Amino acid sequence: MGCVGDVSKGHRDLWPLVLVCALCAFIWICQRPSASGDGDPSGIALGDVRMFLPTAVTVDASVDSHGFHVVRDGRRAVVGSATVSPNSATEGVYGYGGPTPLLIAMDESDSVAGVVLLAHSETFSFVDYLEDRGFFESWNGMTASEAVRAEVDAVSGATMTSQAVTRTIRNTLAPIIAQTETVADMGQSIPWRHFLLWPVLLFALASFLFRKRLRRFRVVLLILDVVVIGFLCAALLSLSLGAGWLLHGVPWRTGPALALLGTLALLLPLLTGRGFYCVYVCPFGGLQELVSLLNRRRKWKVRPHAQTVLKSVRALCLCAVFVLLALGVQQDLTLLEPFAAFRPKAVGTMVLALAALSLLAAFFWPRLWCRFLCPTGYLLELCRGKKKVATRTSPSIERVSLVLLLIVASVLAWHAAPSSPFSPSRETSQALETVSENQGENSLDALAVIHRRKSVRSYTGDPVGREALETLLRAGMAAPTSANTQPWAFIVVTDPQKLRALASGLEYGKMLSDAAAAIVVCGVPDNALRGPSKEMWVLDCSTASQNILLAAESIGLGAVWVGVYPLEDRIRHVRKVLQVPARVVPLNVISIGHPTGVEEPRDKWDQGKVHWGEW
C-alpha cells in the first residue's frame, strides 16, 4: 500500500533553512512597515494631490471627523480634501503582495476627484494593467455614497489587487455616509473559480501522500494544475509573492487557499524530505512536464559543468533578491520568473519570452527551468534540507554563495538598523521629525514653496521654538558652497532686547522689534577660497540664506532678508550688538516670526527678461 512513507532516512542538513530564516528575520526587522498614525500629513504628497486638484497649494495637518485633510489653494480657499489609506478602517485588506495604500482626493462638491495607488508590494505589471484599463478612474465623479455602493468589477488578470483597491475605497469612504455597518457586509468576495483550488489542492496532496497508488493519474493532475491553479486562478508561489508576505504578513482571511498552499509547500518537505509544491502543484512545472511528454524521442542530458553553472545562476539570483529586500529597493520580481505568463494580458514581453524559452527547452530537457534555474524552487529546496553525506566533500558553490549571502545581508541589516552608525544621527532624526511636525497645513513641495515665498514683515507675536530654528539652520547648512568650503557661521537671536537693538541700527530692519527670532548669516573669509575666488563666500552664504527663507515658508513661518554687507555702518552696528569678531562679516539678518497673513506672494515672471539661445 502506497502511503506517506519514504521519509528520508538518517539526518538532513538543515543549515540552509536556518540561514533563510535568519535572512528573513533581518529583512523584516529592517524593512518592517512603520506604525504611523492615521492621518499623518507626511503620508500625503502635494504632488499626488495636484494630479486631481491642480490648484492645491497646502494640505491641512488636522483631519476632519472622517479622516480627511482639507486641501487649499494659494488664497487659502478650500478646493477639496484628501486622505491616505490604509488607516484603522482598512486594516486587513490585502492584495496579491500586501496592503493597497491609496490616496483618495475629493473635490469641492465632495465627489471623488481621483484615486492613486501609493507605494505597494503588488506586481508592477499588474498595476500597470489596471491603469491601462482605467480601473482607478472607475470612481471619478461619484459621491461618497455612490462610490461605496458602486459594484466595480474585479479585473481579470489582477483580481486580488483590484478587489483590494475596491474594498479599501469602500472602507475609507464609508464613515462619510455613516454606513460602516453596511460596508462591513461587503466583504472581499472570492471569484467562483478560486473555489476550484480546494479540490485540486486535495488531489495534489493525495498524490503526494499516496504517490504509488495515484501515479496513473499523474497527467490528470498536471492538466488540473495548469488549467485551474495556473490559468484560472494564477495561484502560484513566487519570489514576488513571498516578498510581499515577508513584509506584510500572510493574508489568511483574503487568500486562505494560497496561504495554505504556501504553508504546505514549506512544511511537507521539511517533515518528509520530499518536494511537494514543485512536483505536484506548480502549474509551470506541470506545463513543462506535459511539453516534455510530447517529445517521444530520447531526451537530452545537461552536462555536469552546465548544471553547475545553471544552479549557480539561480543561487546568485536568490542572493540578489535578498540583498534588494534588505536594502528596501523596490523591484519587479516577476521579471525573474515566468510564472506571471499565466496572465498574458497583464505582463510584458520579457516574462512571456522567458516562459516561451523555458517551455521550448523543456521539450528537449525535461523540467529544465524547475531543476536548474527556478529561484523559488531553489528556496523551497533549501528549506527542505539535504540528506547528510558521510563523506567529506569540498564546499559547493551554492553553499559558499549562501554563506556570503548571510554575511552581506547581516552587514546590510546592521547598516539599515536605526542604531547603525551609518544611519542619520539622533539629532538629525529629531530635526527631520520636527520638519514633519512643523510642516502641518503649510507643507508644500519644492516648487510650491518657491512660488509661495514672500518677504514677511508682520508677525503675530507668538514665539518660535528652538526645534523650528534648528530646522531652518539645517536647511541653511544644506546649501551648496564653492569647493565645499562652507565659509559660514550663524548667530541665532531670540532676546527681545537684542532684536530691538538690531532694529534700531538697520534702516530696513524695523520689523525685528516685533520678530520672534532672527538668524544672522555671517561669512568667514578665512575659510573661503583664496585668490580671485576669495569673495565666493558672499555667494555661498547667500545660498544658505535662500535655503533658510524657503525652509521658513515650508514650515509655516514668515521671514525676510535684511541686508547688511557690504554697507560698513550696518556691519559695524551688527558687530557691536552681537559682539561679532573682526574676522567674521555679517552678510544679512533674517527676521523670523509667525506671519499675520498680510503679505501675499507676487508673480515676478517676466518673459521679456528671458533670452533663449543667445542675447
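The values are calculated or read from the model by the stated rules, or taken from the named source; none is laboratory data. Just so we're clear, the structure is a prediction, and the values are computed from it rather than from any experiment. No Cβ is skipped: glycine too gets one built from the backbone with ideal geometry, and neighbour counts run over all protein chains shown. The accessibility values were calculated without ligands, DNA or RNA, using every heavy atom of the protein model including side chains. Shrake-Rupley method; radii C 1.70, N 1.55, O 1.52, S 1.80 Å.
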Worksheet entry | Selected residue (only one of Pro366, Pro375, Pro338 is closer than 30 Å to Gly134 by Cβ and either out of contact with any Ser or Thr (no Cβ under 9 Å at 6 or more places or on another chain) or touching a residue at least 12 places away in the same chain (Cβ under 8 Å) (or both)) | Pro338
Worksheet item: Arg296 fails exactly one of the following numbered conditions: (1) touching a Cys at 6+ places or on another chain (Cβ under 9 Å); (2) assigned to a loop (DSSP other than H, G, I, E, B); (3) among the basic types (Lys, Arg). What is the number of that condition?
Response: (1)
Fill in: Selection within the range 484-509 - touching a Gly at 6+ places or on another chain (Cβ under 7 Å), in contact (Cβ under 8 Å) with a residue 12 or more places away in the chain and either assigned to a helix (DSSP H, G or I) or among the charged types (D, E, K, R) (or both)
Leu502
Item to complete: Go through the range 110-140 residue by residue and tally those that are open to solvent by 10 Å² or more (accessible area, probe 1.4 Å), touching a strand residue (DSSP E or B) at 6+ places or on another chain (Cβ under 8 Å) and among the small types (Gly, Ala, Ser).
Response: 2
Worksheet entry | Single condition Arg170 does not satisfy, out of (1) in contact with a helix residue (DSSP H, G or I) (Cβ under 9 Å, 6 or more places away or on another chain); (2) closer than 24 Å to Gly255 by Cα; (3) in contact (Cβ under 8 Å) with a residue 40 or more places away in the chain; (4) not acidic (Asp, Glu) | (3)
Item to complete: Please tell me if Ser533 is over 30 Å from Val59 (Cβ atoms), modelled with pLDDT under 95 and hydroxyl-bearing (Ser, Thr, Tyr).
Response: yes
Fill in: Every residue from the range 468-483 that is more than 12 Å from Ala552 (Cα to Cα) and either within 32 Å of the chain's Cα centre (by Cα) or part of a loop (DSSP other than H, G, I, E, B) (or both)
Met477, Ala478, Ala479, Pro480, Thr481
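Would it be correct to say that Val538 is part of a strand (DSSP E or B) and open to solvent by less than 40 Å² (accessible area, probe 1.4 Å)? Lay out the reasoning, then the answer.
Numbers: part of a strand (DSSP E or B): no; open to solvent by less than 40 Å² (accessible area, probe 1.4 Å): yes.
So Val538 does not fit the description; no.
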Worksheet entry | Checklist (1) free of Cβ contacts under 8 Å to residues at least 24 places away in the same chain; (2) assigned to a helix (DSSP H, G or I) applied to Val323, failing item | (1)
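Residues are listed down the side, and each one gets a yes or a no for (1) in contact with a Gly (Cβ under 6 Å, 6 or more places away or on another chain); (2) of a type outside the set (Ser, Thr, Tyr); (3) within 25 Å of Ile27 (Cβ to Cβ); (4) not in a helix (DSSP H, G or I):
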site: Gly244; (1), (2), (3), (4): yes, yes, yes, no
site: Gly262; (1), (2), (3), (4): no, yes, yes, no
site: Phe284; (1), (2), (3), (4): no, yes, no, no
site: Lys301; (1), (2), (3), (4): no, yes, no, yes
Worksheet, complete the sentence: Scanning the range 264-282 for residues that are part of a helix (DSSP H, G or I) and open to solvent by less than 20 Å² (accessible area, probe 1.4 Å), the one farthest from Phe210 (Cα to Cα) turns out to be Ala265
Discussion item. Suppose we keep only residues that are surrounded by fewer than 24 Cβ atoms within 10 Å (Cβ to Cβ) and of a type in the set (A, V, I, L, M) within the range 145-174. Which one would you say is nearest to Ala340 (Cα to Cα)?
Written reply: Val155
Worksheet item: Within the range 323-346, how many residues are crowded, with 23+ Cβ neighbours inside 10 Å and of a type in the set (D, E, K, R)?
Response: 1
Worksheet entry | Residue in the range 99-152 that is nearest to Thr349 (Cα to Cα), counting only those that are of a type in the set (S, T, N, Q), touching a Phe, Trp or Tyr at 6+ places or on another chain (Cβ under 9 Å) and touching a residue at least 40 places away in the same chain (Cβ under 8 Å) | Thr123
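Residue-wise test of (1) of a type in the set (D, E, K, R); (2) within 30 Å of Gly244 (Cβ to Cβ).
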site: Thr55; (1), (2): no, no
site: Ala61; (1), (2): no, no
site: His69; (1), (2): no, yes
site: Arg75; (1), (2): yes, no
site: Ala82; (1), (2): no, yes
site: Ile104; (1), (2): no, yes
site: Ser109; (1), (2): no, no
site: Val115; (1), (2): no, yes
site: Phe135; (1), (2): no, yes
Fill in: Any pair with Cβ under 7 angstrom, 6 or more apart, that starts in the range 227-245 at a residue that is on the phi > 0 side of the Ramachandran plot and ends at one that is assigned to a loop (DSSP other than H, G, I, E, B)
Ala234/Arg343
Fill in: Odd one out for Leu382 among (1) among the hydrophobic types (A, V, I, L, M, F, W, C); (2) more than 16 Å from Val313 (Cβ to Cβ); (3) modelled with pLDDT under 90
(2)
